[in-house]
Amino acid sequence: MEKMLARKLLWLLLFTCLGVGFSFSLSASEATPLQLTAAAQVSGDGIFLPQLFEATQPLPAIRLCDAPAFGKNLILTRAQIQDLLAANAPDCGTNLTGADAVRVTRRTRTLGESDVLGLLTAELQHDYIKDKGQLELHLAQPWNPLLLPDEPLTLDVLEMPAVGVTPGFIVRFTLRTTHETLGTWSANLQAHVWREVLVASSQLQRGDAVTLDQFARERRDLLVIREAVAELDANDNAYELAEPVPTGAALLTRMLKARAVIHRGQAVEALFQDGSLSVKTKVDVLEDGAPGQIVHARNTITHHDLTGKVLDEKTILISL
């Protein structure tokens, strides 16, 4: 009986020792030190936990403090990092090894010619050209590459010509990140605004009725044309030419005028209206007119001169 009791006590002592050993081993694992890196590169969003350590397993993306200003260095000592961990990530502990301090800098990239042209094109297209055509920019002078933060950049235009985008102009602009303005620059630009426009397939004469099949579409630079270009619908027959259009010339808005539906010397009905009362009489038109235009006419009976608005090819409305 005594031997059996002694054996039970021995097993109990053994299990107790194993349990203490397991507990000690677990605590030692939880206290595994974090190894500091000697240098870290960060963005303007701040300094985050994983950026300061050479971890064998992923660390939570906990923000510890602000990033240094672009172009500046920040030295964080081990003691400072321990304070930051205690304040922002207490579950990670403060048992640190590795470097005595971490040199923190901002990530950088080079902004070359194609990069700045891309930013300028996007901004000027959105704010100035809009849907008028496709903007194409070139630098008239060499661009010196800039070392800037490796972060999304926003370009803000500060100064443009009063007339907007022209074939050659200078623009002043700033570049900024989410957190800071980086500086002001100028660029001497050459520009094109490309758009498919209607061009005459053959020589067209003044007074010709305008139809879509008289034109082809070609890609032209609107900044060279310098005038508003015209558009036509496939079923549009409401216009005639106000001037000749040479072969290959772009169709401009000023070249069109509303097509006359009544003509000088034509006899039409003149409609007099006063509320619900209306009277019609015959008049001779004294000039050509399109719908909506005011024309002069003469009463065929009284020979009095009148003015009226063209309603259609047979009627004008007389103003009382």
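For this structure, a couple of remarks:
- Exclusive hit being in contact with a Leu (Cβ under 6 Å, 6 or more places away or on another chain) and either among the β-branched types (Val, Ile, Thr) or in the same structural domain as ARG219 (by TED's automatic domain parsing) (or both), set ALA234, ALA249: ALA234
- Those strands (runs of 3 or more DSSP E) lying entirely in the stretch 127-235 with at least 1 residues among the polar types (S, T, N, Q): 134-139, 154-159, 168-176, 181-200
- Residues of the stretch 265-307 satisfying the condition of being free of Cβ contacts under 8 Å to residues at least 40 places away in the same chain, under 14 Å from ILE318 (Cβ atoms) and of a type in the set (Gly, Ala, Ser): SER278, GLY289, ALA297
- Matching residues, the stretch 128-166, being touching a strand residue (DSSP E or B) at 6+ places or on another chain (Cβ under 7 Å) and either of a type in the set (D, E, K, R) or free of Cβ contacts under 8 Å to residues at least 12 places away in the same chain (or both): LYS132, GLU136, ASP150, GLU151, ASP156, GLU159, PRO161
Table: residues versus (1) part of a loop (DSSP other than H, G, I, E, B); (2) modelled with pLDDT under 95; (3) in contact with a His (Cβ under 9 Å, 6 or more places away or on another chain).
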site: LYS72; (1), (2), (3): yes, yes, no
site: LEU76; (1), (2), (3): no, no, no
site: ASP91; (1), (2), (3): no, yes, no
site: THR94; (1), (2), (3): yes, yes, no
site: THR97; (1), (2), (3): no, yes, no
site: VAL104; (1), (2), (3): no, no, no
site: ARG109; (1), (2), (3): no, no, no
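- Residue among GLN190, GLN205, GLN214 that is among the polar types (S, T, N, Q), under 17 Å from LYS257 (Cβ atoms) and surrounded by fewer than 17 Cβ atoms within 10 Å (Cβ to Cβ): GLN205
- Filter result for LEU119 (assigned to a helix (DSSP H, G or I), of a type in the set (A, V, I, L, M, F, W, C) and either in the same structural domain as VAL197 (by TED's automatic domain parsing) or in contact with an Asp or Glu (Cβ under 8 Å, 6 or more places away or on another chain) (or both)): yes
The values are calculated or read from the model by the stated rules, or taken from the named source; none is laboratory data. The structure displayed is predicted, hence computed values, not measured ones. As a convention, Cβ positions derive from the backbone with ideal geometry for all residues, glycine included, and neighbour counts pool all protein chains shown.
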